[in-house]
Structure formats: C-alpha cells, structure tokens
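Just below is one structure, and these are the notes that go with it.
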Amino acid sequence: MRPWSVLGIFVLLAVNEASAFKANDFKTCSQSGFCRRGRALSSRATEAKSWVSPYSVDPTTIDVSSDQASFSATVKSSLYPETNFGLEIRIQDDGVARVRMDEVGGLRKRYDEAASWALIKEPVINKEIHWTKGKKDAKVVYGDKKDISVIVSYEPLRVSLLRNGKEQVVLNGQGLLHMEHFRNKVEAPTSTEEPPAVEGEATDAEQALLKVEVNPRAWFEGETEDALWEETFSSWTDSKPKGPESLSVDIAFPNHPVVYGIPQHATNLALPSTRGEKPTFTDPYRLYNSDVFEYLASSPVSLYGSIPLMHAHSADSTVAVFHVVGSDTWIDVSHASEKSTETHWISESGILDTFLLPGPTPEDVFRQYSKLTGTAVMPAQWSLGYHQCRWNYVSSEDVRSVQRRFDEEDMPVDVFWLDIEYSDNHKYFMWNDKLFPDPVEMTNDVAANGRKMVVIVDPHLKREDNYPAYKEASELGVLVKPKSGEGEYEGWCWPGSSSWTDFFNPAAWDWWKSMFKTEPQGGSKFSWVKSSTDIHIWNDMNEPSVFNGPEISMPRDNIHYGGWEHRDVHNINGMLFSNLTYQAVAARTDPATRPFVLTRAFFAGSQRFGAMWTGDNLGTWDHMAVGVKMVLANGIAGMSFSGSDVGGFFGNPEPEMLVRWYQVGIMAPFFRAHAHIDTKRREPYLLDEPYKSLVKDILRLRYSMLPIWYTAFRETSVTGMPILRPQFVVFPKDKAGFNIDDQYYIGSSGLLTKPITAKEVKETTIRLAEDQIYYDYFSHHAYRGSSKGKEVTLQAELHQLPLLVRGGSIISTRERPRRSSSLMKNDPFTMRVALSKAGTAKGELYLDDGVTYNHEKGDFVWRQFNAEKKGKALRVSSLDLGKVKPSEAVDGVALSTYNPSNEYAKSIEDVRVEKLVVVGLGTKPSSVKVEGSEKELQWEWTAGVGAGDRKEGQASLLTIKDPKVLITKDWTLVIQ
Ligand code: NOJ
C-alpha cells in the first residue's frame, strides 16, 4: 500500500532557534541538502497512516554461499526497478553481524574504504553457521547457547538481530532506508510548465492522485528535487559532481531505553532526544569533524572528532551498532517509548557498512568493538604525568624559567608544550631562531629532569618554496587537489596561504615519516636535526580546519587520492594524519620507542595512535562539567586516552575554578593544562595561597596514583574496557545509574570519583549501587551502599576531591614526591588493602619500562594481590599474573614469551613495598609476619569500623611499616 495520505506534505524543518550557538559558520540540518532530505523522509513516514519501505529483497537472488557463512541477495527499490543493490550479511566468529549494502552496476562508485581505515583487520567469519531460507525471510541462529539470530525479511527489507527471540537491533523497521542511486542530471525544462489544469472541485484524494502522476516517488523522496546537484551555504557553493548519493537508515533498539556514544558532542553521556515528543535538541547529532569556535556546553553540533559507534542499553542487555561511514552524518535519537530507542542515521556518501554488536553486556560490547578497531595503544608512561601547555611559551628562556618555577615550588610536571608560535611563521619543524635559538639544548635541559617536550605540527603547509615540508610534498605530488583534480588546493590557515598533505596517498607516508628524522638523511632531503627524540608531537587543526573554507574546513569537492572527494573521507582524514605522525615519531629510533601524539580530530580506530582532547573549551563551570561527560563518552567509544584543557582554553578562571579544574584533570586519563594566547598566565605556581598548595597537593596525588593509571591503561590495551567507567558499565542493571555521568570508576582499580564541577560546593552525593562498603580515599571513613542503590553524602570543600575505594580492592601507589614520573622508577610502593564486607580484597599492578616496546616481548611485571581469610588469619599475597592475563587479550597481544625474570623485572628487583595499610579489619591482630619468617613486622593499629560491621564511620586501620617484601616477587603476609 502506498501511503497516499502523506502526499503533498513536506515539512520544512525550522532552524534551531533555541540554540545560542554564536558562530553561524556551521550548517544546521535544514541547511544541509542531504540531511534535509533525510529528515523530510522521516517526517513523511511519521505522518503517514501507513508507510512501507520501497526496498525489498529479490528472493530468487538469495545466495547463502557454498559454506553457508554469508547471506547475499539483490535488493530492489520499487521506485527504481532498474536499479540493483547488493546486500550482504556476514556473521563473525564473535557473533557480530556485519550488514553491507551497495549499489550494483550503478553509474558511479560509492566510497567503500571507511572500514579499511577503521578496522585492524578483516574480521573472521563464522563458518559453522547455517542460513535457512524461508518464503518471507531468511534466518540464521548462532551463539554458544544458540540464543542469537539474525532475520532478513524480504518485503519490505528489514534486518533484525534477536536474542532469545527478542529483537535487539532492527534496521529499516521504520522504512527510512534510502540509498540514493547514482543518476544523470536531467536539465530542468526552460519553460515553467504548469501541471494540467483540473476542471471543477477536486477532492483531496484526487489532488493527491494528480501529484502522484506528476511525481510518483514524491511520497518517498519529496515532491521536488532538493539540492541534488549543487548546494550553497553562506558564500560557498558545493558542486556535487556525482550528484545525490546519500544514505539514510533507521536503526531501532527495541527494549533499550538509553543510548550512549557517537562522540564527540558536548552533551550528556545518555544521549538526549532530538526527535519525537518534546526533544531536548531540535537538530540531530552531527558527525562532521569541525573546528568549532567557542562551542556550546550543551549541543548536538559536531565537534572535532567522530566515532560512529552507538551503545544501546537496558537492565538486561547492552548492544551496539558501528556504522562505518566517513562522510558527514546526522543522527536523530528518539526515545520512542520508556522502553525503546529509535535512531535515524543520514550520511552524505558511502556504502552501508554496519556492524551489529550483540553484547549482551557492556563488557561484551567493548570486546566486540575492540576486536574490530583495536584497543588503545599502551602509552609512554611519562605521558600520564602532568602536561603544562599554553599558547605560547614564547622562547627557550621562557620554557626554562617555567621549569625552574615548577622545581622551586616542588610541583611535579612531566611535559612542557610548545604551541604554534615556536615556529618560523607557522612553518612547523622550522624554529623561530630569534626566540628559540637553541631548541636542542632547551629540550636537553628539560630532559635532564626526566621530562619531555611536546611540539605542535599542524597539517597545513605554508605555500612557500623555501619551506621544505611544502616543497617536498609539492614535488612528490601528494597534496590535496582542488575540485578540478589538477594542481594543489589552496586554503587559509595560521600561516596564511596553505596546502594540505593527502595522507590517503601512500606516496605521502614514507615522506612524512622521514620529516621527523633527527639525523641528517643526506641529499637535499629535510631532516629535523634541530629536534630531539625527547620531543613528541601535537597534531592540531586536523579536521582539517581551513579558515576560509566552508564550515571552517575543506570544500567537499576537493579531490583525494584515488579520485575520491573530500566529502567521502572527511571524518577519516584527521586520523590518518595522527596515524602517520605516530609512526613517524616511533621510527625516529631503532628500535622504536613509544611515541606520544595528541590529536584533535579523530575517527574510529584513533585509539591506536595516541591521545585526544576535547578542544577549545571555555573557562566556565558548564564546560568543566560537560568535559567530564565528553571524556566518558570518548572512552566508551574506544578513545580512553582523553582529557579536557584544564583551566578552560578561553577565559581567566578564578582560583576556585582552577583548583576544581585540576581535580577534574587528575581524574582523567590525559591531564594537560592549556590556555589561549589572550589569557593571563596561570601556571599553578602563580596562584596565591591557599590555592597554590591545594594544586600542589592535587598534582602530587596524580603522581602517587600513576601506578593505578598505568595498570588501567594496560588493562584497556589488552581487553578494550574503557579506563573511565561510568555507572552503567559497572552496574548495568542499576536503572537509576543509566543517566549518571558525573561519577565514574577508574579501570578495575575500585576507585570511584565524582569531581566537583560547580562553584562553592561543600558536599556532594555519590550513588553506591551495591551492598558493599566503600572507604573515603583520604579519611578512610566507611560508607555503606545498598543493593537497591543508595546515595551517600561526602564532604566536598575546595580541598576535598570526592574519591572512594570500593571494598574488596587493593590499590598500589607511590607516595614519594618527585619532580617527574621517570624519577619514580625505583620508588617503593604503598599498598592499601580495602577489605570488602566479606573481609577479602584483590587488585592488580602492571609495570614496564614505560618507554620501549619490550613489553610486547614479555618484559613487564604484572602482579595480582589477594587478601583472603584462612581460619582466623588474613593472608595478603602477591602472585605473578604475567602468564595468566594475556588469555583475556582481545587480539594480537602475543605475550607467550613472558618470562618472570625478564630484563625489566630484574631492573626493579630491589623495589619493595614500604607500607601496607589494611582498611576495615574487624579486630586488632596479635601478629603480622611474612610467611616463612618468624620475625614480627612493625605495625600500628587504629580501632574503627570493620568491613563486616553494618556500620558507617571511621574504618579501622592496620598500618604495616616496611614489610620488607619485593614488588616483583611472590610473598604472603599473615595477619592474625
Ligand atoms: C587550536 C587548538 O585547539 C588550541 O589548543 C591551540 O592552542 C590553537 N589551535 C593554536 O595552535
């Protein structure tokens, strides 16, 4: 049945007037032709009494392949019977279903390489499964318990993934699938012909019928052709030489009330609605990497990076879709009912390549996604320390004096950063010789304290023939081309007239790597000899930001390698730049050492190449608060190594705000203070008391916790679990926690924090969603949760960071203040055994040299600590985990060569535990000994609440001084 009743209805979507977004530089959906078309399609479908997708599977073409492993068929659209689409569904060995659809035999080709950049390898197909072909649908049932099924309904086409017979993910259930086929432009008739005149009064139905005769596809595609062949925005015209090729698809999550992911947007972790009843936002979420000046703290506009991964969650199930498209994509979210979520994805170009991740737990989804796109890279250990940045430290003397001031105040710091003004007229690699006459010596002075420098290298190349980077790229022919496909695209950025390297061109790869060599390479080739292997790299502006381009970026009709237009690859572009820089920095030494590269633009897979940050935030409380949510969202989409500019990029935060921002910063994986060129200096040593001492303590706290962060990074690099874990990840069944995005756990450590992001706060509440004891990290006050969930109140004055230790955790820290993290290498450990209500605890500690790749050969120390009751005694023991852990690895982490007495372990064999504190022991012990020794250890007892009591209050503390046990060895302490 054709939905007649919607004929003639065309909803022109209003510009989002509620938005206070200042810059008019960016399109709203209604200013973007393909989004307007996609949303109008959905409006017509919503208003239609009945709506049936025109797409259907031709059952005569179904092929379930000889080994039965994949399903393929021809899909037809009843509107364009002459056009064919190929549909393919592959079930992977881990249960993920991949749905691909592309036009077959069309006039032109769609971009089909987005997945090849995002995936670590071609996924392994499950060959043990069998499709059954029925009259109306085809079905496959699989999974260890045969609980998952995928059903392809033929007419209309509908693909659903079910668990135990319940639908979890449905594609095209609302009939919004539309792959605009390639077509030839039909020139508009020169005369304005009126439709035939109608005699007499026509009924509505007759009117509608007449319109059908004029345009029989109007019910689906709208009555008029809308921006198919050309589009203007502000003063720019996009030529769209291939014509329309957008892709619209609805993806529903029945029985999943919340969705998370699709970073990066400044909004809540649980994505607010953009469609349906009273939507929070009136525009869809957009994924189009953009340099947004002064972005809003609550908005669906696209920001610097895009990861098309969405988790859908309920108390019984978590599933996800990974919709691999590299072009501009808009996503509507509608909370269709209290139980379910409907989404609608509209992309400008590219094939349909959608992975359905069956979960059913958040942990499963993380594993499934990491298996596709890889886990976060194991960072250089120093990069977890504190990074001091500003635009700009203006000279090498300035850098030295900032370092001196940190040292005078005994404030730890690992990295000093140089923004664009270090360079000669924004020609990166080239120093401003007047201000930085001695870059190598300057870096050596920083490195003498075990520190590093990070220097910015942006992707725009100043078009000057005396600039080696531009000259070499130009001679190699690896610069992005304008729409003519000839010559070099020229745009405007910091250096003025610039061009951009096309990193899709393999010929650019080795060249870019060679640019970072610190040794002369001979001939006329440039080498960055005025550099050092202690310099690491910041890749900014790689959306790419082009000041005089449409939406502050490149024209979409620019041409990349292979003839693809920029529109096809826009969101992937920035990832390739940081990927190549990462490889370049690694290749400076032989053997390679771990590079640090910070990127602003990112895509699915960017986690393999380093860290990102949330860009140019404002020094406001709102931005501080939303930054926490954004970092959580990045983490659940694989980008764990993420943080926001501490202090806010724009503005001059007052001291209270700065202190709070440092508290937020130390609780993020990437911890960097940064400030705009127009702001006042705000290095922490410039603060007055008491703020200065507060920040010093905060910095020291971060350093003492580095073993926890490093262990968490190790875990994420092996398992793909995010480092910052929001409530829904740790307590998937706790409905009251689904919307919580201001408190979170750090890795598997058991630490739970809720940094304060508002003014003049004195106390706060934290939700404890389990019947367990939690201890205040600093005061050891014991709080009790409840299996129904309970809010506990914590003091949160300015000097207090809300930080709890979950009962049952063992935390390892290094408490000796040092100037930088590398100076902590041989420092002893303090261990905190936070007993659970059952009187037990466990924890992990991972260590390696932090610099080389020897950990991949098994050079590391990975310990598990266990506190168990045996009779009346509590036994705290240390075990080797190195052999056990790799079995959890997502992929490719080959650690079979692990050897407990490896070189790294030997290098720290004297490192000991200097203090071990047992929190929550029920009664005062009478003896504490190392098993196998008769000697009583030195210990102190402070009476207090025991973990097994049902009380709250000050917990008991057993402090064992210098138990004389080594961190690399097995041992047991017997407490009785
Ligand atoms: C924009 C970046 O987001 C900001 O952090 C940087 O300071 C400026 N570019 C100048 O390089």
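The values are calculated or read from the model by the stated rules, or taken from the named source; none is laboratory data. Quick caveat, the model's predicted, so the values are computed rather than measured. Cβ atoms come from the backbone with ideal geometry, glycine included; neighbour counts cover every protein chain shown. Only protein heavy atoms, including side chains, enter the accessible area calculation; ligands, DNA and RNA are left aside. Shrake-Rupley method; radii C 1.70, N 1.55, O 1.52, S 1.80 Å.
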(message) With the structure loaded, tell me whether residue 591 is open to solvent by less than 20 Å² (accessible area, probe 1.4 Å), away from the ligand (no atom under 15 Å from the Cβ), outside any helix (DSSP H, G or I) and not charged (D, E, K, R) or whether it fails that test.
(response) no
(message) So for the stretch 251-265 (the condition being open to solvent by 10 Å² or more (accessible area, probe 1.4 Å), among the aliphatic types (A, V, I, L, M) and within 27 Å of residue 54 (Cβ to Cβ)), does at least one residue qualify?
(response) yes
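Residue-by-condition table, conditions (1) within 27 Å of residue 823 (Cα to Cα); (2) among the β-branched types (Val, Ile, Thr); (3) in contact with a His (Cβ under 7 Å, 6 or more places away or on another chain):
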{"position": "433", "(1), (2), (3)": "no, no, no"}
{"position": "448", "(1), (2), (3)": "yes, no, no"}
{"position": "455", "(1), (2), (3)": "yes, yes, no"}
{"position": "460", "(1), (2), (3)": "no, no, no"}
{"position": "471", "(1), (2), (3)": "no, no, no"}
(request) Determine which single condition residue 783 fails, assuming it passes every other condition in (1) more than 27 Å from residue 875 (Cα to Cα); (2) touching a residue at least 12 places away in the same chain (Cβ under 8 Å). (result) (1)
(request) For the stretch 293-307, name all the residues that are surrounded by fewer than 24 Cβ atoms within 10 Å (Cβ to Cβ), within 12 Å of the ligand (Cβ to nearest atom) and closer than 15 Å to residue 626 by Cα. (result) 294
(message) Within the stretch 524-541, take every residue that is open to solvent by 40 Å² or more (accessible area, probe 1.4 Å) and without any contact (Cβ under 8 Å) to a residue 24 or more places away in the chain and give me the one that is nearest to the ligand (Cβ to nearest atom).
(response) 529
(request) For the stretch 596-627, name all the residues that are away from the ligand (no atom under 16 Å from the Cβ) and open to solvent by 10 Å² or more (accessible area, probe 1.4 Å). (result) 608, 609, 620, 621, 622, 625
(request) Residue by residue through the stretch 505-523, note down the ones that are open to solvent by 10 Å² or more (accessible area, probe 1.4 Å) and assigned to a loop (DSSP other than H, G, I, E, B). (result) 505, 506, 517, 518, 519, 520, 521, 522, 523
(message) Taking the conditions exactly as written (on the phi < 0 side of the Ramachandran plot, assigned by TED's automatic domain parsing to the domain that holds residue 176 and touching a residue at least 60 places away in the same chain (Cβ under 8 Å)), does residue 248 satisfy them or not?
(response) yes
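Residues are listed down the side, and each one gets a yes or a no for (1) polar (S, T, N, Q); (2) under 29 Å from residue 100 (Cβ atoms); (3) part of a helix (DSSP H, G or I); (4) in contact with a strand residue (DSSP E or B) (Cβ under 6 Å, 6 or more places away or on another chain):
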| residue | (1), (2), (3), (4) |
| --- | --- |
| 293 | no, no, no, no |
| 296 | no, no, no, no |
| 302 | yes, yes, no, yes |
| 311 | no, yes, no, yes |
| 333 | no, yes, no, yes |
| 344 | no, yes, no, yes |
| 350 | no, yes, no, no |
| 353 | no, yes, no, yes |
| 366 | no, yes, yes, no |
(message) What pairs come out if I take residues in the stretch 30-48 that are over 16 Å from residue 230 (Cβ atoms) and charged (D, E, K, R) and pair them with residues that are outside any helix (DSSP H, G or I) and open to solvent by 10 Å² or more (accessible area, probe 1.4 Å) whose C-beta lies under 6 Å away, six or more apart or interchain?
(response) 39/13; 47/9
(request) Collect the residues in the stretch 649-699 that are aromatic (Phe, Trp, Tyr) and either within 16 Å of the ligand (Cβ to nearest atom) or over 26 Å from the mean Cα position of the chain (by Cα) (or both), keeping them in residue-number order. (result) 649, 650, 661, 670, 671, 685, 691
(message) On the basis of being over 27 Å from residue 824 (Cα atoms) and in a strand (DSSP E or B), does residue 765 make the cut?
(response) yes
(message) Let me confirm something: among 78, 56, 72, 66, which residue is modelled with pLDDT under 95 and assigned by TED's automatic domain parsing to the domain that holds residue 132?
(response) 66
(request) Output the number of residues of the stretch 632-648 satisfying the condition of being in a loop (DSSP other than H, G, I, E, B), open to solvent by less than 10 Å² (accessible area, probe 1.4 Å) and within 16 Å of the ligand (Cβ to nearest atom). (result) 2
(request) Look at residue 751 and say whether it is aliphatic (A, V, I, L, M) and open to solvent by less than 20 Å² (accessible area, probe 1.4 Å). (result) yes
(request) Hey, could you check the stretch 553-587 for residues that are among the aromatic types (Phe, Trp, Tyr) and over 19 Å from the mean Cα position of the chain (by Cα) and say which is nearest to residue 302 (Cα to Cα)? (result) 564
(message) Among the residues of the stretch 142-188, what is the count of those that are farther than 22 Å from residue 340 by Cβ, in contact with a Leu (Cβ under 9 Å, 6 or more places away or on another chain) and among the aliphatic types (A, V, I, L, M)?
(response) 1
(request) Tally the residues that are in contact with a helix residue (DSSP H, G or I) (Cβ under 7 Å, 6 or more places away or on another chain) and of a type in the set (A, V, I, L, M), restricting the search to the stretch 342-381. (result) 5
(request) Hey, can you tell me all the residues within the stretch 93-131 that are within 12 Å of residue 353 (Cβ to Cβ) and surrounded by fewer than 16 Cβ atoms within 10 Å (Cβ to Cβ)? (result) 112, 116
(request) Might you let me know whether the stretch 551-561 holds any residue that is away from the ligand (no atom under 16 Å from the Cβ) and among the aliphatic types (A, V, I, L, M)? (result) yes
